[in-house]
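Working notes for the structure below.
The values are calculated or read from the model by the stated rules, or taken from the named source; none is laboratory data. Model, not experiment: these values are computed from the prediction. So basically every Cβ, Gly included, is an ideal-geometry build from the backbone, and we count neighbours across all protein chains shown.
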Amino acid sequence: MVNIPEDLKYAETHEWVKVEGDIAIVGISDHAQDQLGEIVFAELPEVGDNATAGEGICNLESAKAVGEIKAPISGEVIEVNEDLDDEPEKVNSDCYGEGFLYKCKIADAGELDKLLDAAAYKGTL
């Protein structure tokens, strides 16, 4: 059974967003990490990069594929998960926690309304 936390917002492309004030924490869903398989390399954005909703922001490489990760929300990247440099498998073991990808300052909170809640996201799987 796929884990879909209720307190997150989801993109149809399988990224999640956790909102903390005007900051969005971004990662990939349990379904996405399962589909990719064991993550062996994470190519993350740089601090200061601008994420644009719906456009590629980083890549996750597994033994079987390279997955382009699309930004679920627009904003300036303020932090990347540097732990993934040495331990990219954290995306597999804890995709909603220590395996997050990056944090950004939300540019347009209205974009959150275009994302799916947990029930709607579950319906896309």
message: I'd like to check something: does the stretch 98-108 contain any residue that is free of Cβ contacts under 8 Å to residues at least 12 places away in the same chain and either more than 16 Å from residue 9 (Cα to Cα) or in contact with a strand residue (DSSP E or B) (Cβ under 7 Å, 6 or more places away or on another chain) (or both)?
response: no
message: I'd like the full set of residues that are crowded, with 18+ Cβ neighbours inside 10 Å, closer than 17 Å to residue 86 by Cα and either modelled with pLDDT under 95 or among the polar types (S, T, N, Q) (or both), limited to the stretch 10-65.
response: 62
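Consider the stretch 109-125. How many of its residues are free of Cβ contacts under 8 Å to residues at least 24 places away in the same chain and more than 25 Å from residue 21 (Cα to Cα)? If you could, list the steps in order and put the result at the bottom.
Step one: filter the stretch 109-125 for residues free of Cβ contacts under 8 Å to residues at least 24 places away in the same chain, giving 110, 113, 119, 123.
In the following step, the residues that additionally are more than 25 Å from residue 21 (Cα to Cα) were identified as 123.
Total satisfying the criteria: 1.
Out of contact with any strand residue (DSSP E or B) (no Cβ under 7 Å at 6 or more places or on another chain) and more than 22 Å from residue 125 (Cα to Cα): which single residue out of 76, 87 fits that description?
Working: 76 fails: out of contact with any strand residue (DSSP E or B) (no Cβ under 7 Å at 6 or more places or on another chain).
None of the other options fit; the residue is 87.
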field: Filter result (within 13 Å of the chain's Cα centre (by Cα), part of a strand (DSSP E or B) and over 18 Å from residue 106 (Cβ atoms)) within the stretch 33-54
entry: 42, 43
statement: When restricted to 57, 78, 25, 73, the only residue closer than 25 Å to residue 114 by Cα, in contact (Cβ under 8 Å) with a residue 40 or more places away in the chain and part of a loop (DSSP other than H, G, I, E, B) is 73
